[in-house]
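Take a look at the structure set out below.
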Amino acid sequence: MRQAAAHCQRLELIGERVRAHFDSDLVPAPGQFLLARLTPAFDPYLRRPLFPTLIADSGFAADFDPADSALIAPGVWIDVIGPVGSAVPDIPSRARVLLIADSDPAVLLPLASQAIARGGAATLIISARYPLESLDPEIEVRVGGLPALTAEFAAAADLIFIHCHHSLHRPIHHSIIQSRGLAPRDYAFALSRSPMPCGVGACGACAVKTTRGWKLACVDGPFFYSTDID
Ligand code: FES
């Protein structure tokens, strides 16, 4: 983990959110994130997790809420620390990935990009309104109830990545079993939505209860095997 500066090159509107594209020599791998300081304050606990929505050799993009977007503009430098967390395994070539999101799929998009770049395919199932026109047209999209859509699409997927409210994990897991039967443990990964103010395993705020005991999302995650999330 190290500290670096990221330079905002341009902004893009994604519905009500703002996607900022940064040049940086600190680039997280899919599954990892950065801790960013958007203001000059020196309190380390004022950093916020920045999950990439796009990853390139020269930098990354990340989405901001309207409240934070006032702090970001082309030409602005932000201070980042990272990469934080454990990367998810590389997506094999020609793999078909299924992305499952209840509201915002942005943090899953680098996984779709990696699958498509390696000759595979990506399907997104989502239950809430989202500016679908902003997505890579190569991503197949279905909108509707997540357990039902999971049951329909899981059998054809080689890997599944989930970003949704904790209450949906169990119904989605049941749909995966219904569709696919018993799958290997590394078949489906779910992102923890815990707050992660320190990112180094020091504060305990990101503790996640798993079938293997309590884990820290910032060190052991933030993606966990979905079968392990209690
Ligand atoms: S964010 Fe502090 S322990 Fe994980």
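The values are calculated or read from the model by the stated rules, or taken from the named source; none is laboratory data. Note that the coordinates shown come from a computational prediction; the quantities given were computed from them, not determined experimentally. Cβ coordinates were reconstructed from backbone atoms using ideal geometry, including for glycine residues, and neighbour counts include every protein chain displayed. What goes into the accessible areas is simple: the full protein's heavy atoms, side chains included, and nothing from ligands, DNA or RNA. Shrake-Rupley method; radii C 1.70, N 1.55, O 1.52, S 1.80 Å.
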Just to confirm my numbers, what's the Cα centroid distance between segment 62-81 and segment 141-200 in Å?
30 Å
For residue 9 and residue 65, what is the calculated FRET efficiency with R₀ set at 35 Å and r taken between the beta-carbons, to the nearest 0.05?
0.95
In percent, what relative contact order does the chain have, based on Cα pairs under 8 Å that are 6 or more apart in sequence?
18 percent
Quick check for you: with a 1.4 Å probe and neighbouring chains kept, what is the accessible area per residue of segment 2-84, in Å²?
47 Å²
If you put +1 on each Lys and Arg Cβ and -1 on each Asp and Glu Cβ, how big is the dipole of the chain around its Cα centre, in Debye rounded to 20?
520 debye
Rounded, prolate or oblate: which fits segment 85-129, taking a ≥ b ≥ c as square roots of the Cα gyration tensor eigenvalues, rounded meaning a/c under 1.5, else prolate when a/b beats b/c?
oblate
Per residue solvent-accessible surface (Å²) - segment 161-230, probe of 1.4 Å
49 Å²
Report, in deg cm²/dmol and to the nearest 500, the calculated mean residue ellipticity at 222 nm for the chain, where each DSSP H run with n ≥ 4 adds -39500 (n - 2.57) and the sum is divided by the residue count.
-4500 deg cm²/dmol
How large, in Å, is segment 1-145 by the Kirkwood hydrodynamic radius built from its alpha-carbon pairs?
15.8 Å
Counting DSSP beta bridges in the chain, what percent are antiparallel, to the nearest 5?
70 percent
Give the shape of segment 2-84 as rounded, prolate or oblate, defined through the alpha-carbon gyration tensor: a ≥ b ≥ c are the square roots of its eigenvalues, a/c under 1.5 means rounded, and otherwise the shape is prolate if a/b is larger than b/c and oblate if not.
rounded
Filtering the chain for DSSP H helices with an axial alpha carbon extent of at least 15 Å and a Kyte-Doolittle mean of at least 1.0 returns none
Going through segment 69-149, which trypsin sites (Lys or Arg not before Pro) have at most 10 other Cβ atoms within 10 Å and a DSSP loop state?
129
Computed over segment 96-228, the distribution of all Cα-Cα distances in 10 Å bins, rounded to whole %, is 12, 43, 34, 11, 0
In nm, to one decimal, how far is the residue 2 label point from the residue 90 one, both placed 7 Å along Cα→Cβ?
2.2 nm
When the chain is treated as a GNM, springs tying every alpha-carbon pair under 10 Å, which of 30, 89, 49 comes out with the largest mean-square fluctuation?
89
Selected from 201, 182, 163, residue furthest toward positive end of dipole (segment 72-219; charges at beta carbon):
182
Give me the dipole magnitude in Debye, nearest 20, for segment 96-228 about the Cα centre, with unit charges on the beta carbon: positive for Lys and Arg, negative for Asp and Glu.
440 debye
Whenever you get a sec, compute what percent of the accessible area on the chain sits on carbon and sulfur atoms (1.4 Å probe).
54 percent
Max mean-square fluctuation residue, GNM over the chain, Cα-Cα springs under 10 Å, options 73, 207, 122:
73
For 80, 141, the accessible-area ranking with a 1.4 Å probe, largest leading, is 141, 80
